[in-house]
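Readers should treat all values here as calculations from the given coordinates under stated rules, not as data from a laboratory. Bear in mind that the values here come from a model prediction, so they are computed numbers and not experimental data. Here the Cβ positions follow ideal geometry from the backbone for every residue, glycine too, while neighbour counts run over all protein chains shown.
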Amino acid sequence: MMEVVPFQESDIDTVFEIQRTAYKPLYEKYQDHDTNPYLEHEETTLQKYMRENTKGYLFVENGAAVGCVRVALYPDMKSAKISALAVLPQYQGQGIAQQALSVIENLHKDVERWFLDTILQETGNCHLYEKLGYRQTGETEIVNDKMTLVFYEKGQSIMEVLWQT
């Protein structure tokens, strides 16, 4: 049974190790020196998890932490950004990220618009987010000749949110 557990500052070693392990293959494949969480220092990771309006979560399977994610909340716009979602390689493809995101979205019922970015070339990631109801915004960002980021949103579009403010 997979559980989603709120991040505590004492979890930083675990989160840092999961992030490094999960993102290392992507770094080796894409050599994205400026964007890959694999290259972060532990202190930087902790600072990101401890930011104001940020919630961190661990994914725990049978008592073992197998994944993590940060959620940056933007209460004024009823929006949230999913960042640095990581699942240990040996647990990938088992539905953990899908379950975790569903739980997290339910924990934040006040959020009307979710957004994230992922690597366009990682079709499994794109499939996961699309299966969960995220849709491509049409925006992309070329990181290097091997890698392009693609942006997703779920819920109200940014234009709908802006028209309401």
* Structure fact -> Short to long, in 5 Å steps from zero, the percent of alpha-carbon pairs of the chain per bin is 1, 8, 18, 21, 22, 18, 8, 3, 0, 0
* Asked: FRET efficiency for Glu139 and Asn62, Cβ-Cβ distance as r, R0 = 30 Å, nearest 0.05?
  -> 0.20
* Asked: Fully extended, how many nm does the chain gain between His33 and Glu9 (0.36 nm per residue separation, minus their Cα-Cα distance)?
  -> 6.0 nm
* To do: Past 30 Å, Cα to Cα, is the threshold; run Lys24/Lys154; Lys109/Lys146; Lys29/Lys154; Lys29/Lys78; Lys48/Lys146 against it and keep the listed order.
  => Lys109/Lys146; Lys29/Lys78
* Kindly identify the range 45-87 as rounded, prolate or oblate by the Cα gyration tensor criterion: order the square roots of the eigenvalues as a ≥ b ≥ c, call it rounded if a/c is under 1.5, otherwise compare a/b with b/c, prolate if a/b is larger, else oblate. => prolate
* **Highest-first arrangement of 80-89, 10-19, 45-54, where packing means the average Cβ count within 10 Å** => 80-89, 10-19, 45-54
* **Contact order relative to length of the chain, as percent, for alpha carbon pairs under 8 angstrom and 6 or more apart** => 20 percent
* **Inter-probe distance in nm under a simple model that places probes 7 Å from Cα toward Cβ, at Asn106 and Gln90** => 2.8 nm
